[in-house]
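Quick notes on the structure that follows.
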Amino acid sequence: MNIAGGIALVTGANRGLGRAYVEALLAAGAAKVYGGARDPAQIATPGVTPVRLDVTDPAQVAAAAARCADATLLINNAGVMLMTPMLAEGSEAAMRREMEVNVFGTLRMIRAFAPVLAGNGGGAIVNMLSVVSWFTSPFNATYGASKRAELAVTDGARIQLKAQGTQVIGVYAGFIDTDMAAGVDAEKVSPREVALATLEGVEAGLDHVLVGARAHEIWNAQRTSPADLEASLQRIWDASRG
């Protein structure tokens, strides 16, 4: 699909990657951009139509689908990462929170907007995933579990929505230079780079968009040498334990 002339809704649009998405959409000529946020007053980007939207609230999701009934593109960007090892104190609560936003929130949005997109010619859905959709980092393992589940949601929706002409895209990156990864000391890609690559993928009709060197490295490693990847993760974890 073409971005120019399209009508998009971006969740989590008030800052970081969400803000980069709305700015990229406007620059690409989108006719209208809705910005979803728990507090719509935080949407400060000129030209964006604020929408009150907490993806964990079914009533707000339904209201957003009614208000944004002209949408042709949905970007599921809202997410939470709590940096919790699998067996850490509080890991169950962390995983429940991450699953509620990253998995059930994404599913809830897809279910609400699939009929909207069908009525508007098919359109596209973008799900902001992660390289940890493919492997488990021991330092944020509960988040990885949520992203792997969100990948399954993405793949399942792609199969079911193909008949109505809706493109479903998974976007994969390593750490992105936003508040979510502010405490992480690692190479990061810029939000703008992710947003631009995503929109290029939408227009090219891709199912998967890989952004940054880390995404390509992990994509190749988990296909060609998964045992080596697992061994490297074990070494990193063991070293961190002293």
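The values are calculated or read from the model by the stated rules, or taken from the named source; none is laboratory data. Because the structure is a prediction, the values reported are computed rather than measured. Every residue, glycine among them, receives a Cβ derived from its backbone with ideal geometry; neighbour counts consider all protein chains shown.
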### Message
Please go through (1) assigned to a loop (DSSP other than H, G, I, E, B); (2) of a type outside the set (D, E, K, R); (3) crowded, with 16+ Cβ neighbours inside 10 Å for Gly29 and return the number of the only condition it doesn't satisfy.
### Response
(3)
### Message
Would you confirm, using the coordinates I've provided, whether Ser133 is free of Cβ contacts under 8 Å to residues at least 40 places away in the same chain, under 17 Å from Val80 (Cβ atoms) and not β-branched (Val, Ile, Thr)?
### Response
yes
### Task
Determine which single condition Val80 fails, assuming it passes every other condition in (1) of a type outside the set (Ser, Thr, Tyr); (2) under 21 Å from the mean Cα position of the chain (by Cα); (3) outside any loop (DSSP other than H, G, I, E, B).
(3)
### Query
Going by the conditions given, is Ala63 of a type in the set (A, V, I, L, M), modelled with pLDDT of 95 or more and either over 19 Å from the mean Cα position of the chain (by Cα) or more than 30 Å from Asp238 (Cα to Cα) (or both)?
yes
### Message
Restricting to segment 66-93, count the residues that are touching a residue at least 12 places away in the same chain (Cβ under 8 Å) and closer than 29 Å to Ala114 by Cα.
### Response
15
### Query
Restricting to helices (runs of 4 or more DSSP H) lying wholly in segment 151-242: which have 1 or more residues that are under 24 Å from Arg108 (Cβ atoms) and β-branched (Val, Ile, Thr)?
191-204
